[in-house]
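A short write-up of the structure that comes next.
Any read-out appearing in this document is the output of simple, stated calculations on the displayed coordinates, not a laboratory observation. What you see is a predicted model; the values in this text were computed from it and never measured. Ideal geometry is used to build each Cβ from the backbone, glycine not excepted, and the neighbour counts take in all protein chains shown.
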Amino acid sequence: MKTIEELTRPNIRQLKPYSSARDEYKGVTASVFLDANENPYNGPHNRYPDPLQWDLKVEISKIKKVAPEHIFLGNGSDEAIDLVYRAFCEPRIDNVVAIDPTYGMYQVCADVNDVEYRKVLLDEHFQFSADKLLAATDEHTKLIFLCSPNNPTGNDLLRSEIEKLLHGFDGLVLLDEAYNDFSDAPSFLSELDKYPNLIVFQTFSKAWGCAAIRLGMAFASTEIISIFNKIKYPYNVNLLTQKQAMEMLHRYYEIERWVKTLKEERGYLEEQFAQLPCTVKMYPSDANFFLVRVTDAVKIYNYLVGEGIIVRNRNSVALCGNCLRVTVGTRTENDKLIEALKAYTA
Ligand SMILES: *Cc1c(COP(=O)(O)O)cnc(C)c1O
């Protein structure tokens, strides 16, 4: 593997980061804060929040079994995805490789950052081959994007291929585990020490039920996390988000219960869908959604909209012709969907 220093863009390597008032004074003994031009009234919202969200990282660390120094928190996973481009990819020179189809933000961030995005098609089981991804790389390939369970296909990627890629690639492997809570496959978080070129993304937006607060996590070596900390906006995670996340961490039992229920509901929906006349093929899912090939995705999508039910039409996505992506809801919501589809006539 190349060193992180070699992989980092020269301007980022040389960057002298912005130093905020809260960075310069980190002690806890002071009681009069006249250093940041804050308004002394309207506490606690008058004060800038902790730029490195240390208390929150300590709590996350307990649940994820990863030391706080290996954690980056951002305004959604989307911030972390954008940061990897800004840190490692020289516009118009470097490139990245990704499986296809997958989560759309990897390509959007590539386009925004003017970085070439190379797609490698999955096979008919929505699996990838490490050799095929490696064959698409060259000396300017800095990153490879994987997503497991993958969006929109819903399946876990093969662990053996992920490991093969981690061993065979000399750049960084980004593994998006946004849906890992719903999978029976173990997370790669426990492998961080083994793979210095691995970055794992997770999020509060799905299993944690907190899409509104915008909190994403990246886990990686301390060297990589330091680079993220150097280039992120100083106060990228606001106080309200930090507080709400803390509260959720203390209610972890509830998240576990939601996940268990949603996995059961997924099984229920899969059984029901298998019996619908409009279902052509069900794809197995390890996430809180599933992909289903139907007789006519556009017509059925529009029909459901008319019934007040919104699913995701993935018809125009590679390998997903006539496919709908359905998020698992409550039993009431799921039954409404099933009843509507039973009443559908082509
Ligand atoms: C939903 C999702 C995310 C979450 O993004 P946030 O910015 O944290 O809300 C990340 N990756 C994938 C693949 C997703 O589907």
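Note on the chain: with charges restricted to the Cβ of Lys and Arg (+1) and Asp and Glu (-1), its dipole about the Cα centre is near 480 debye.
Shown for the chain: cysteine residues without a partner Cβ closer than 4.7 Å, namely C89, C109, C147, C210, C278.
Using a 10 angstrom Cβ neighbour count of at most 15 plus a DSSP loop assignment to flag exposed trypsin sites (Lys or Arg not before Pro), which longest range of the chain is free of such sites?
93-193
Extension gain for T3-N46 works out to 11.3 nm (0.36 nm per residue, less the C-alpha to C-alpha distance).
Report the calculated FRET efficiency for E191 and H125 (r = Cβ-Cβ distance, R0 = 30 Å), to the nearest 0.05. All intermediate terms of the calculation are to be shown ahead of the outcome.
Details: r = 24 Å, r/R0 = 0.79.
Rounded to the nearest 0.05, the efficiency is 0.80.
Note on the chain: with a GNM built from Cα contacts shorter than 10 Å, the maximum mean-square fluctuation among V294, V28, V112 falls on V28. Of S148, S187, S316, the sequence from fewest to most neighbouring Cβ atoms within 10 angstrom is S316, S187, S148. The Stokes-Einstein estimate for the chain, based on a Kirkwood radius over Cα pairs and taken at 37 °C with 0.692 mPa s viscosity, is a diffusion coefficient of 151 µm²/s.
Estimated from the Cβ-Cβ distance and a Förster radius of 56 angstrom, the FRET efficiency linking S31 and R92 is about 0.60.
How do H45, H140 line up, fewest other C-beta atoms within 10 Å first?
Placing the least packed residue first, the sequence is H45, H140.
Going from the residue with the fewest nearby Cβ atoms within 10 Å to the one with the most, I144, I60 rank I60, I144. For the chain, modelled as a GNM whose springs connect Cα atoms under 10 angstrom apart, the maximal fluctuation among Y179, Y41, Y301 occurs at Y41.
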